[in-house]
Amino acid sequence: MAITPSYAPLLILASLAEGDKHGYAIRRDVIERTAGDVRLGSTTLYRLLGQLRDEGYIGAARVRPARHLDDERRQYFRITAAGRRALGSELRRLVRVLMAAKPAVDSRSR
């Protein structure tokens, strides 16, 4: 059984922050970013993309690749300004959490 990590939306936003992508490209990018530790199934990915779209963090990409390089069935996504703000805010929060947890980890290794 695969459990979707709570940080999966963050990984999707991070992927889209680097450029517009279709769903399969986002899925591959998340696998690459996490060295295979996070693998989003298609249903999970598209459910999360729908939630991020409903929250205003992503939208449909305005530009598509040339027709000979594209598959018309693909949906392309882009991050919105609100999505960039949310990504930055969440990254700053995670850094604070990691810094708060670090002393506890360091003291146990002694």
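The values are calculated or read from the model by the stated rules, or taken from the named source; none is laboratory data. Every value quoted in this text rests on a predicted model; they were computed, and no experiment measured them. Using ideal geometry, Cβ is built from the backbone for each residue, glycine included, and neighbour counts are taken over all protein chains shown.
Looking only at residues in the stretch 6-48 that are exposed (fewer than 15 other Cβ atoms within 10 Å of the Cβ), part of a helix (DSSP H, G or I) and of a type in the set (Gly, Ala, Ser), which one is modelled with the lowest pLDDT?
Ranking the candidates gives 42 first.
In the stretch 49-84, how many are surrounded by fewer than 17 Cβ atoms within 10 Å (Cβ to Cβ), at pLDDT 95 or above, touching an Asp or Glu at 6+ places or on another chain (Cβ under 9 Å) and outside any helix (DSSP H, G or I)?
Number of matching residues: 1.
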